[in-house]
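Step one of this worksheet: look at the structure below.
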Amino acid sequence: MPPRKSPTLTEAELRLMKMLWLRGESAVGDLVAAMPDGDALAYNSVLTTIRILEQKGYVRHRQEGRAFLYTARVAEDDAGKVEVRHMLQRFFGNSREKLLLSLLGDEQITPEELQRLKDAIQLAADKEGDEKSAEGGITWK
């Protein structure tokens, strides 16, 4: 039985997606030529990977003459959300609290990052409160 296809991106797939998000529509040859020297891949490797991305639904192509031009079907932010949800499920039992506590327990967190997290939590709490009050027909600020 063949291995199950993962909805997440491998490192090679992510490198190509980042290039497509940055460059926009590109032919395989253009992607190969644009790769940094240390990360260079053979044409066939890029073609195989881009076809896998197309099967996964991350990329689509259109034909122009003999060339296939590939473009991202998934926005970078949306792909990031899929990855985070996957990690949340695999490592934290779908608990956002466990994930956040893991991040907060990281000794490398800076005071600035901690403040941004506090602000984001407060904003989410305020938004939740606004939505609940709107459900009752009254909006409180």
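Rule-based calculations on the coordinates, nothing more; no lab input. Here the structure is a predicted model, which is why all the values come from computation and not from measurement. Note: ideal-geometry Cβ built from the backbone for every residue, glycine included; neighbour counts use all protein chains shown.
Annotations
- Counting every other Cβ atom within 10 Å of each residue's Cβ, Arg116, Arg51 order from fewest to most as Arg116, Arg51.
- Neighbour net charge for Gly38 - beta-carbon separation under 14 angstrom, K R +1, D E -1: -2
- Nonlocal amide H pairs with Val59, under 5 Å, H built at 1.01 Å: Glu54, Arg73
- Share of alpha-carbon pairs per 5 Å distance bin for the chain, given as whole %: 2, 8, 13, 14, 13, 12, 12, 11, 8, 5, 3, 1, 0
- For the chain: relative contact order, % (alpha-carbon pairs under 8 angstrom, 6 or more apart): 18 percent
- Sum of side-chain charges, Pro111 neighbourhood, beta-carbon under 14 Å (Lys, Arg +1; Asp, Glu -1): -3
- Pairs of Lys residues in the chain that lie 8 or more places apart, or on two chains, and have C-alpha atoms under 22 angstrom apart add up to 16.
- Per DSSP, loop trypsin sites (Lys or Arg not before Pro) in segment 58-104 with at most 11 further Cβ within 10 Å: Arg66
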